[in-house]
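Reviewing the structure listed below.
All of the numbers you see were taken from the coordinates with simple rules; none came from a lab. These numbers were taken from a predicted model, which means no experiment stands behind them. Every residue, glycine among them, receives a Cβ derived from its backbone with ideal geometry; neighbour counts consider all protein chains shown.
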Amino acid sequence: MQNLMLAVDRLSTFIGRFFAWSIVMLTLLVAWEVFSRYILNHPHAWALDAQIMLYGVLFMMAGAYTLAHQGHVRGDILYGAFSERTQAAVDLALYIGFFIPSVLALTWAGWTYANDSLAIRENTFSPEPLPLYPFKFVIPVAGALLFLQGLIEILRCVICLRDGKWPSRAKDVEEIDVEELKAMVKEEPSAEAGE
């Protein structure tokens with residue numbers, strides 16, 4: 001079971017990191033458009049639409065990654081004071097009551113929305129239109145990935161309720177724990193004094 005949870009964590013992490021590169025493409029596109037508009041005096045009508053779509057892809061495809069690494073907003077003041085079993089019970093209730101129905105609705109509506117767009121070969125409203133329907137298919141894909149990661153989080157809650165301890169997660173770049181950093185700073189001078 002642990003291997004399955006870690007495999008889905010790794011999948012969410014890989015996809016999140018892959019689509020994070022769209023920020024580089026977005027930055028280059030914005031820089032090119034500024035150069036083209038103000039230096040070459042040749043703006044592109046499609047550039048703003050492309051920027052919005054790239055940002056949308058970045059934002060939507062980061063959902064499962066953020067969930068896998070516990071990056072979504074939560075009321076930590078109360079939640080942090082709970083025991084691990086209580087945290088798991090609260091999370092499980094919220095996942096079942098709110099998360100699963102809303103993500104299923106997002107995925108279903110996104111699929112319908114994208115198929116309607118494909119049926120009419122929808123384009124952006126611009127003098128130089130871009131196809132919009134491929135972008136809209138990102139919505140159900142992002143929803144499906146978020147749903148998969150949510151199922152793994154539900155499984156983690158059940159395991160924590162059973163064992164009283166949260167199962168491990170795949171590691172990624174994380175913020176530095178201030179208390180851990182203070183302990184490291186205090187350890188270094190004492191280690192040198194002993195030499």
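Just to be sure I understand the model, the point goes 7 Å from the Cα along the line to the Cβ. What's the resulting residue 84 to residue 31 distance in nm?
4.6
What does the extension gain come out to for residue 94 and residue 180, with contour length at 0.36 nm per residue minus their alpha carbon separation?
Length gained between residue 94 and residue 180: 27.9 nm.
For segment 21-132, what log10 I(q)/I(0) values come out of the Debye formula at q = 0.14, 0.19, 0.23 1/Å, with one point per alpha carbon and no solvent?
For the requested q values the scattering log ratios are -0.81, -1.08, -1.29.
Provide 103, 24, 73 in ascending order of the number of other Cβ atoms located within 10 Å of each residue's Cβ, fewest first.
Fewest to most other Cβ atoms nearby, the residues stand as 73, 24, 103.
Which FRET efficiency value, to the nearest 0.05, do you get for residue 169 and residue 105 by plugging their Cβ-Cβ distance into 1/(1 + (r/R0)^6) with R0 = 25 Å?
According to the calculation, E is roughly 0.40.
Please compute one quarter of the surface area of the Cα convex hull for segment 64-107 and express it in square nanometres.
On the way: hull surface 13.7 nm².
Seen from a random direction, the Cα hull of segment 64-107 projects 3.4 nm² on average.
I need the peptides 3-9, 155-161 ranked by packing, meaning the mean over residues of other C-beta atoms within 10 angstrom, with the highest value on top.
Ranking, from highest mean packing down: 155-161, 3-9.
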